[in-house]
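Written out below as structure tokens is the structure these notes cover.
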């Protein structure tokens with residue numbers, strides 16, 4: 001059984017996402033989940049076949065909650081980061097309805113999903129994961145950045161089981 005959640009409102013997000021500045025088209029694939037303002041999907045570059053995570057934020061929600069400045073700041077900060085324990089930032093673009101942030105896809109999903117699947121992790125695994133989380137947080141703090149929302153659902157695992 002898949003841990004991917006059904007998306008009951010996919011109709012407000014187009015199936016094809018077009019980045020006019022790079023001339024790239026992405027196909028919207030699986031729905032991963034949603035947060036306060038964003039929905040996250042698996043997206044694929046239709047030319048290269050490369051797969052990413054697409055964080056999609058409705059411009060309507062940003063207007064209602066005065067979030068435009070925060071979104072601009074998040075993009076500016078995230079695109080400046082480059083660390084093995086921080087989700088990679090690839091690009092961003094927008095259309096009249098949404099802002100699209102193209103991110104590294106962490107195929108092994110979140111630590112929360114690992115916890116739900118496994119129930120228990122060994123002491124060794126705990127040390128392995130905590131070391132990576134602390135390494136990533138130290139990198140952010142060295143750049144005077146505070147995450148403000150560290151939780152299992154926001155800690156992702158890539159194919160090599162590295163925490164992002």
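If each residue of separation counts as 0.36 nm, what is the full-extension length gain between residue 121 and residue 61 once their alpha-carbon separation is subtracted? Write down the numbers at each step before the final one.
Numbers: separation 60, 0.36 × 60 = 21.60 nm, distance 3.80 nm.
Fully extending the segment from residue 121 to residue 61 adds 17.8 nm.
Explain nothing, just the number: relative contact order of segment 1-105, from Cα pairs under 8 Å at least 6 residues apart, as a whole percent.
Computed value for segment 1-105: 21 percent relative contact order.
In deg cm²/dmol and to the nearest 500, what is the mean residue ellipticity at 222 nm of the chain if only DSSP H runs of at least 4 residues count, each as -39500 (n - 2.57), divided by the residue total?
Theoretical 222 nm ellipticity from helices: -8500 deg cm²/dmol.
Under 1.5 on a/c is rounded, so check that first for segment 69-124, then, if it is not, pick prolate when a/b is larger than b/c and oblate when it is not; a ≥ b ≥ c are the square roots of the alpha carbon gyration tensor eigenvalues. Intermediate results must be reported in sequence, preceding the final value.
Values: a/c = 3.00, a/b = 2.09, b/c = 1.43.
Judged from the Cα gyration tensor, segment 69-124 comes out prolate (a/c at least 1.5, a/b above b/c).
At 0.36 nm per residue, and after removing the present C-alpha to C-alpha distance, how many nm does the segment from residue 76 to residue 130 gain when stretched out fully?
Extra length from residue 76 to residue 130 when fully extended: 16.7 nm.
What length, rounded to one decimal in nm, is gained on full extension from residue 20 through to residue 112, with 0.36 nm per residue of separation minus their alpha-carbon distance?
29.6 nm
Given contacts defined as C-alpha pairs under 8 Å and at least six residues apart, what's the relative contact order of segment 106-164, whole-number percent? Show your work: numbers first, answer last.
Values: 51 pairs, mean separation 35.4, N = 59.
Value for segment 106-164: 60 percent.
Return the label of the correct value of Cα Rg over 2.2 N^0.38 Å, as calculated from the structure shown, out of (1) 1.46; (2) 1.07; (3) 1.28.
(2)
Between helix 123-142 and the chain, what is the angle of the helix's C-alpha long axis to the longest principal axis, kept within 0 to 90° and rounded to the nearest 10?
50
Values quoted throughout were computed directly from the atomic coordinates according to the rules given, and no laboratory measurement underlies them. For clarity, every value in this text was computed on a predicted model and none was experimentally measured.
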